[in-house]
Amino acid sequence: MPKQTLDTPEQLLHFQLRTALTMEHDSLAALGELGAAVKGAEIKKLFRHHADETREQIANLQRVFELLELRESTAPSPSTKGIGKQAASLLERSAPKLRDQAALASALGNEHYEISAYQALLVPVRAMGAVDAGRLLQANLEQEEHTSEEIRTTLQSIAG
């Protein structure tokens, strides 16, 4: 199947939104896997909380599609697939006593990718004056930034 050529800023934005939706679905699946791999109760709780936030972020993205009058669908997200493979590899190679640390390190990398995805989405959405869509994307970005800080702080506390 030939790849779609993105010829307009609107097509690019639509594709980026579609990959963001895939990114969040991939993140939700990864959080379940990471939560199952860790031992620490606080870390399990952190992953469960972020899974709840991820469900909210998916709903926000679905609303953005509506507000921008774009067809909701997903698109391949090779980056999140790669991040997931990297996390699985790291967990597989880590001794049980390092699993919490490895899971947090993997989650932190994913958060940074999600932060950059939302930052990139906000630029064209704001440029087109889509205030309500921008608020939803900003809310997702702020949740990702907060989660990144929580993960980093937790990782720092167990790493030494």
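Every residue in the range 1-43 that is of a type in the set (Val, Ile, Thr) and outside any helix (DSSP H, G or I), please.
Of everything in the range 1-43, those that are of a type in the set (Val, Ile, Thr) and outside any helix (DSSP H, G or I) turn out to be Thr5, Thr8, Val38.
Can you tell me how many residues within the range 125-144 are surrounded by fewer than 16 Cβ atoms within 10 Å (Cβ to Cβ) and closer than 22 Å to Thr80 by Cα?
Residues in the range 125-144 being surrounded by fewer than 16 Cβ atoms within 10 Å (Cβ to Cβ) and closer than 22 Å to Thr80 by Cα: 2 in total.
Could you please let me know if Leu90 is modelled with pLDDT of 95 or more and closer than 17 Å to Ser27 by Cα?
Considered against the rule, which asks whether it is modelled with pLDDT of 95 or more and closer than 17 Å to Ser27 by Cα, Leu90 comes out as no.
Report yes if some residue within the range 76-85 is over 27 Å from Thr154 (Cα atoms), touching a residue at least 12 places away in the same chain (Cβ under 8 Å) and under 15 Å from the mean Cα position of the chain (by Cα); otherwise report no.
yes
So, Ala127, is that one out of contact with any Phe, Trp or Tyr (no Cβ under 8 Å at 6 or more places or on another chain), of a type outside the set (Asp, Glu) and within 18 Å of Pro9 (Cα to Cα) or not?
yes
Scanning the range 1-52 for residues that are surrounded by fewer than 18 Cβ atoms within 10 Å (Cβ to Cβ) and acidic (Asp, Glu), which turns out nearest to Ala130 (Cα to Cα)?
In this case the residue turns out to be Glu10.
Collect the residues in the range 44-77 that are modelled with pLDDT of 95 or more, part of a loop (DSSP other than H, G, I, E, B) and hydrophobic (A, V, I, L, M, F, W, C), keeping them in residue-number order.
Leu68, Leu70
The values are calculated or read from the model by the stated rules, or taken from the named source; none is laboratory data. What you see is a predicted model; the values in this text were computed from it and never measured. Every residue, glycine among them, receives a Cβ derived from its backbone with ideal geometry; neighbour counts consider all protein chains shown.
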